[in-house]
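*Asks:* The structure is given below, and queries will be raised subsequently.
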Amino acid sequence: MRIAFDRDDRDEIDRELAALGTVREDPQALANTLDWLAGAVAGTPDGPTPACDLRLVSTSFARDVLAAIEAVPAGRTISYAELAAAAGRPRAVRAVAHVCATNPVPLVIGCHRVVRSDGSAGEYGGGRELKTHLITSERVAAAG
C-alpha cells in the first residue's frame, strides 16, 4: 500500500511502486482501506487498521521509527526528539524527521502525531492544516 497526498510527486510514486515488481490489485481491500481512511480523517477510523506492506521502507531504523509512531495512541502527540529516543537513537532527530517525511502510509502510521519539541505542528506531507485537523479530530474523538 502507498498513500499519497496531492502535493506528492506522482512520477516518484510510480517509480517506487515499479521497484516493488508486481502490484496486486484487491478491490475489496481498497474499499475497506478507503472507508478506514475516511474515518481516520474524521478522527474516528472504523474497523481494524489496514494491513501495510512496508517494502518501501528501506532500513531497519526507519521500520523502528514507524513502529514507535504506531505505539502513539490516537489523540496524543510525540516530539521528534522523543520519537528518536523511542526508536533507540536519541540523537537522530533529523533522521526521524526524514522517516516521517517519507512514510509510505501516512494516516495509517500516524506521523501526523509527531510534533516539534515546542509543541508546534511542524511540517506534514499533507500540509500543516491537515496535520492540525487530524490531531484535533483524534483528540476530540479520544475525549468523547
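FYI, it's all coordinate maths here, none of it is from the lab. It should be emphasised that the depicted structure is a prediction, and the values quoted were computed from it without experimental measurement. We place every Cβ from the backbone using ideal geometry, glycine too, and count neighbours over all the protein chains shown.
*Asks:* Could we say that Arg76 is among the charged types (D, E, K, R), farther than 29 Å from Ala18 by Cβ and in contact with a Ser or Thr (Cβ under 7 Å, 6 or more places away or on another chain) here?
*Replies:* On the way: among the charged types (D, E, K, R): yes; farther than 29 Å from Ala18 by Cβ: yes; in contact with a Ser or Thr (Cβ under 7 Å, 6 or more places away or on another chain): no.
So Arg76 fails the test.
*Asks:* Would you point out which residue out of Arg24, Arg10, Arg15, Arg63 is loosely packed, with under 15 Cβ neighbours inside 10 Å, under 17 Å from the mean Cα position of the chain (by Cα) and not β-branched (Val, Ile, Thr)? Walk me through it before giving the result.
*Replies:* Numbers: Arg24 fails: under 17 Å from the mean Cα position of the chain (by Cα); Arg10 fails: under 17 Å from the mean Cα position of the chain (by Cα); Arg15 fails: under 17 Å from the mean Cα position of the chain (by Cα).
Just one listed residue meets the conditions, Arg63.
*Asks:* Between Thr59, Thr49, Thr77, Thr132, which is within 21 Å of Asp6 (Cβ to Cβ) and β-branched (Val, Ile, Thr)?
*Replies:* Details: Thr59 fails: within 21 Å of Asp6 (Cβ to Cβ); Thr49 fails: within 21 Å of Asp6 (Cβ to Cβ); Thr77 fails: within 21 Å of Asp6 (Cβ to Cβ).
Answer to the check: Thr132.
*Asks:* Could you check Thr136 against (1) of a type outside the set (A, V, I, L, M, F, W, C); (2) assigned to a loop (DSSP other than H, G, I, E, B); (3) surrounded by fewer than 15 Cβ atoms within 10 Å (Cβ to Cβ) and say which number it fails?
*Replies:* Here Thr136 meets the rest and fails (2).
*Asks:* Mind listing whichever residues of the range 110-133 are surrounded by fewer than 21 Cβ atoms within 10 Å (Cβ to Cβ) and either on the phi > 0 side of the Ramachandran plot or hydroxyl-bearing (Ser, Thr, Tyr) (or both)?
*Replies:* Those that are surrounded by fewer than 21 Cβ atoms within 10 Å (Cβ to Cβ) and either on the phi > 0 side of the Ramachandran plot or hydroxyl-bearing (Ser, Thr, Tyr) (or both): Ser117, Gly119, Ser120, Gly122, Gly127, Thr132.
*Asks:* For the range 94-109, which residues satisfy the criterion of being crowded, with 18+ Cβ neighbours inside 10 Å, farther than 16 Å from Arg7 by Cβ and free of Cβ contacts under 8 Å to residues at least 60 places away in the same chain?
*Replies:* Residues of the range 94-109 crowded, with 18+ Cβ neighbours inside 10 Å: 96-97, 99-100, 103-109.
In the following step, the residues that additionally are farther than 16 Å from Arg7 by Cβ were identified as 96-97, 99, 105, 108-109.
Once the filter is applied, which keeps residues that are crowded, with 18+ Cβ neighbours inside 10 Å, farther than 16 Å from Arg7 by Cβ and free of Cβ contacts under 8 Å to residues at least 60 places away in the same chain, the range 94-109 yields Val96, Ala97, Val99, Ile109.
Here's the yes/no breakdown for (1) under 18 Å from Glu70 (Cβ atoms); (2) part of a helix (DSSP H, G or I); (3) in contact with a strand residue (DSSP E or B) (Cβ under 9 Å, 6 or more places away or on another chain); (4) not β-branched (Val, Ile, Thr):
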| residue | (1), (2), (3), (4) |
| --- | --- |
| Asp14 | no, yes, no, yes |
| Leu17 | no, yes, no, yes |
| Gly21 | no, no, no, yes |
| Gln28 | no, yes, no, yes |
| Thr33 | yes, yes, no, no |
| Ala40 | yes, yes, no, yes |
| Pro45 | yes, no, no, yes |
| Pro48 | yes, no, no, yes |
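*Asks:* May I ask you to say which residue of Val57, Val99, Val108, Val72 is farther than 21 Å from Ser137 by Cα and not in a helix (DSSP H, G or I)? Even if it seems obvious, please write down each step before you answer.
*Replies:* On the way: Val99 fails: not in a helix (DSSP H, G or I); Val108 fails: farther than 21 Å from Ser137 by Cα; Val72 fails: farther than 21 Å from Ser137 by Cα.
The unique qualifying residue is Val57.
*Asks:* While we're on this one: Only one of (1) touching a Ser or Thr at 6+ places or on another chain (Cβ under 8 Å); (2) closer than 24 Å to Glu129 by Cβ is not met by Val96, so which one is it?
*Replies:* (1)
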